[in-house]
Amino acid sequence: MRGVTFNSDNKYDIQLSDALINERRLGEIFAAKKIEKSELKSETYQWEQTGNICVEVRSYGKKSGLAATEADYWVHELKRDGETLVYLMFPVDRLKALCKSHGRLVHNGGDNNAQSNYLIKLSDILA
């Protein structure tokens with residue numbers, strides 16, 4: 001498909017080239033050993049009601065979730081009616097920075113009101 005253009009300024013070729021580079025970079029991330037250390041958090045409905053993702057950092061007074069993870073990548077799954085809509089993949093350091101810069105720390109959440117969580121607006125994730 002290389003060399004095929006749909007407009008007079010060859011923009012399609014540039015976009016295709018960028019896409020191939022980005023796919024290769026993502027493949028390198030998945031192939032790297034660090035990807036073996038990932039953590040998955042699934043959210044089923046509250047993200048849609050609130051517009052936030054919820055990132056746990058404490059449970060029953062102890063570090064948990066993002067604060068305790070040894071993973072290099074954090075994957076946040078957003079679901080609707082039992083089906084995955086999207087996986088958001090963050091380098092752990094980036095998600096920690098997002099929590100500090102854009103998150104709102106909320107205590108007494110989760111099961112038995114024993115968790116502390118950062119709520120991050122979906123619209124702030126790319127800020």
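Values in this text are rule-based calculations from the coordinates and carry no lab data. This one's a predicted model, so the numbers in the text were calculated from it and none came from an experiment. FYI the Cβ positions are ideal-geometry reconstructions off the backbone, even for glycines, and counts take in every protein chain you see.
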If the chain between THR84 and GLU48 were fully extended at 0.36 nm per residue, the gain over the current Cα-Cα distance would be 11.7 nm
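How much of the pair distance distribution for region 37-124 lies past 16 Å, counting alpha-carbon pairs only, in percent? Numbers along the way, then the final one.
Values: 1982 of 3828 pairs.
So the portion of pairs separated by more than 16 Å is 52 percent.
What does the charge count around TYR118 come to, taking other residues whose C-beta lies under 12 Å from its C-beta (Lys +1, Arg +1, Asp -1, Glu -1)? Intermediate results must be reported in sequence, preceding the final value.
Details: positive: LYS41, ARG58, LYS96, LYS100, ARG104, LYS121; negative: GLU56, ASP124.
Local charge sum for TYR118: +4.
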